[in-house]
Amino acid sequence: MTTAGELSPRAQAVYGELRSGGEVPISGLTDDSGPDVDLVVKELLGSGLVEAPATGEVLRLRVGSHSALHGLLATQSVASVERSLLQARQALDQVLSAVAPAAVVPAANPGLEHVSDLDVVRERLLQVVRGTQRELLNLHEGRAPTPEEAASGSSEDDDMLRRGVAFRTVCPQHFVQHEYIRAEVERTEQLGATTRFADSLPHRLIISDRRLAILPTDPPELAKGMVFVTEPALVRCLTQLALTILRSGRTLEEAIALPDDGPTEREREVLLMMSSGLTDSVSAKRLSVTERQFRRYVARVMERLGATSRFQAGVLAVERGWL
């Protein structure tokens, strides 16, 4: 997955036009891009930042976490702490984009292994839990476990805690609705575990001893397998992301006192568009609303996040798992 800064000068010029104008006719690229227009189009589409709708006649900015993160990082005067967090979130997209549908990721990514055999995945996960010596970080994105699923893993969790492992979990806010989950959180916290609740989470993620990260290629479809990440720089970034979300999470008592209040689909769309750098005019057109209505959406999102700028809203959205 390419960053805007890694594009060729010609492709960067078109990308800048897309951010301000929304879309560009491919037929109109000839004058600006010269005879290599096909190469420029291929480069832009391959970057993951740009898409061509079904007609194939125009290019437009792809609105998603990839473009949103690049838009935020392109903001002038980004503080080092904020830049580090945004780059950590970028690492998650980088891992997911690099995973091939084969059983093992190609040699070009030696620090990533995709395992699709579920029996192998279960055995590897059990080995990781039993082999963790210092810390296990767990972002439990997705549906809540059933009472049976929660009970089946409790003995392994207890064993980790008895070994002195720092067991730290972040669950989505909606988990707190289940009495058996509240009871399990209280029980494990008495044994030394730490559990926090967040509005939403960007992906399912397990990190063992800050050396190995594990995440499903598609959380709703666990049958598609897991990715085992050992590349040190990527693991460091994923660890930073997990710890940031953990620190900004709510305790059980705080979560019980609040409603299930994650972002709506429209709020997430607005966040992605304003973070990607699209103008209000283009964003409003994409959402089929007026510019005035789009600005109201932006104001509502900023109010909910407690942000004083659109950039700060993007950073806080990453901290809270909205992006």
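Would a scan of the stretch 179-195 turn up a residue that is within 24 Å of the chain's Cα centre (by Cα), closer than 22 Å to LEU92 by Cβ and either modelled with pLDDT of 90 or more or part of a helix (DSSP H, G or I) (or both)?
Looking for residues that are within 24 Å of the chain's Cα centre (by Cα), closer than 22 Å to LEU92 by Cβ and either modelled with pLDDT of 90 or more or part of a helix (DSSP H, G or I) (or both), one finds at least one in the stretch 179-195, hence yes.
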Condition check for ALA79: in the same structural domain as ALA198 (by TED's automatic domain parsing), farther than 20 Å from SER208 by Cα, of a type in the set (A, V, I, L, M) and modelled with pLDDT under 90: no
Any idea which residue in the stretch 27-45 is nearest to LEU59 (Cα to Cα), counting only those that are surrounded by 18 or more Cβ atoms within 10 Å (Cβ to Cβ) and at pLDDT below 75? LEU29
Subset of the stretch 159-190 (residues that are in contact with a Ser or Thr (Cβ under 9 Å, 6 or more places away or on another chain), under 18 Å from VAL128 (Cβ atoms) and exposed (fewer than 14 other Cβ atoms within 10 Å of the Cβ)): ARG163
Given (1) aliphatic (A, V, I, L, M); (2) under 21 Å from LEU69 (Cβ atoms); (3) at pLDDT 90 or above, index of the condition LEU278 fails: (3)
One residue is enough: does the stretch 223-230 have a residue meeting the conditions in contact (Cβ under 8 Å) with a residue 60 or more places away in the chain and assigned to a helix (DSSP H, G or I)? yes
With criteria (1) buried (at least 19 other Cβ atoms within 10 Å of the Cβ); (2) more than 24 Å from THR264 (Cβ to Cβ); (3) among the charged types (D, E, K, R), GLU156 comes up short on (1)
For the stretch 256-312, which fully contained helices (runs of 4 or more DSSP H) count at least 3 residues that are crowded, with 21+ Cβ neighbours inside 10 Å, touching a residue at least 12 places away in the same chain (Cβ under 8 Å) and not assigned by TED's automatic domain parsing to the domain that holds ARG196? 265-276, 291-305
Of LEU271, LEU246, LEU278, LEU238, the only residue that is more than 30 Å from TYR15 (Cβ to Cβ) and hydrophobic (A, V, I, L, M, F, W, C) is LEU246
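The values are calculated or read from the model by the stated rules, or taken from the named source; none is laboratory data. Note that the coordinates shown come from a computational prediction; the quantities given were computed from them, not determined experimentally. Backbone-built Cβ (ideal geometry, glycine too); neighbour counts: all protein chains shown.
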